[in-house]
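The next block holds one structure in the form of structure tokens; read it before the comments.
The values are calculated or read from the model by the stated rules, or taken from the named source; none is laboratory data. Please read all numbers here as calculations on a predicted model, not as lab measurements. A quick note on method: Cβ atoms are made from the backbone with ideal geometry, for glycine too, and the neighbour counts reach across all protein chains shown. Heavy atoms of the whole protein, side chains included, go into the accessibility calculation; ligands, DNA and RNA do not. Shrake-Rupley method; radii C 1.70, N 1.55, O 1.52, S 1.80 Å.
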Amino acid sequence: QFFHAFGGPGFEVLAEFAQEFSLSNPYGIRVDVQAYGSEDLLLSALDTEIENGTQPKLIALHPYELVSLTQAYQPVDLTPYFESPTWGFSMDDQTDISTVFLDQFRVGDRLIALPFAPQATVLFYNRSWAAELGFSEAPDDEISFREQSSQAIEANLADLNEENDGLGGWIINHDPQVLLSWFGAFGGEWGEDSTPEFNSDAGLETFQYLKSVYDEGYFWISRQPEPYLYFADRNALMYSGRLDQIPDQQGWMTLENNSDEWGVIGYPGSERVITLVDSPGLMVSAGTPEEQMAAWLFAKFLIEPENQAEIVQTLFTLPVRLSTIDLLPAFIDQYPQWMDAFNLIKISKPVPTAEEWGIAQWVLQDASYRVFPYEDVNLAEILEQVDATVEDLERITP
């Protein structure tokens, strides 16, 4: 059994892969796919399966979501499988997998999962409008990011359209991975299996920057839940998003007859430009040697370059196998913004896999909601409360 949380096209492509593998493998392995449409539903089903002693042998899930389980779940260490000269990956194949994707699942000397469908948190950026504002390059630090946001705001204030006054710069986004991206750009560090500490110099600098530019009026809060029309109408020079939003944005540009050149960029801070990547992990559950090997072989099959090419085109993710790029010339021609994101892999950092991040991300988001709309905010006190709250919740979480 293979449990995953993909719906729609993702469900269809994984069902096809399961059928193809079941019919073609020489070992008589049959894959039964169970799709749940969301990770919450998958976790509920997994809880029941573990309680009944019938857990699935392969799961596609973000490891930090395991904090929601009421039952203990420990994935099998995949290192012996990964390095096996017979059943694993050759040295050439190992180097074909970006370390940033593998690092997310290395806990000490254990490999707890294989990366499967890496997603990236990026900034959508209007190059044509930026050029008209006087900027030939995307922002590469927090100063140039503020300057470009301010010029976009000022340009909309100066035109004859009163409806776009106050719009133009970066749209404030409270998504935990967006906030973590900014934290990383300002020098924040974290281990793959640990929770970031936000009560730090990097955390304070991050929120001081975001708060101060918001207070100046150059970052703004949107009324509409989706950013696509704002971007297509030049009411936002930049917004935070994920790669699977590229086709939607492209559709809105066409609908608005906007021929601007646009793409995706990383988050620029005082220390670096960074992009966060996050992938569900293919985790093998404990079972008999035969069951574990069967699950491993199907997991390995899912990240073959040909299969990754289909997953990329279906889900708008990054490829686990870098050689997959050679199979996507037409896709790249149609979506050059996706190629922008592929080129950002070299400056990417993985989201923590630690179960504690499953708690910390929502505490961080709640803190950000308390920062921007209010005056006289004590940022140091808020960040201290963030870390303390996360620590308290970790102690009481089963």
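Worth a mention:
- Condition met for ASP340 (of a type outside the set (Val, Ile, Thr) and closer than 30 Å to GLU205 by Cα): yes
- Residues of segment 232-244 that are closer than 28 Å to ALA158 by Cα, in a helix (DSSP H, G or I) and within 21 Å of the chain's Cα centre (by Cα): none at all.
- Residue in segment 283-300 that is within 25 Å of PRO352 (Cβ to Cβ) and of a type in the set (Asp, Glu) present: no
- Residue in segment 50-62 that is in contact with a Lys or Arg (Cβ under 6 Å, 6 or more places away or on another chain) and over 15 Å from MET283 (Cα atoms) present: no
- Of all residues in segment 245-269, those satisfying the criterion of being within 17 Å of VAL122 (Cα to Cα) and either open to solvent by 80 Å² or more (accessible area, probe 1.4 Å) or in a helix (DSSP H, G or I) (or both) are GLN245, ILE246, PRO247, ASP248, GLN249, GLN250, GLU261.
- Any strands (runs of 3 or more DSSP E) falling wholly within segment 1-78 and containing at least 1 residues that are open to solvent by 50 Å² or more (accessible area, probe 1.4 Å): 33-35
- Which listed residue is in a loop (DSSP other than H, G, I, E, B) and open to solvent by less than 10 Å² (accessible area, probe 1.4 Å), from GLY184, GLY169, GLY188: GLY188
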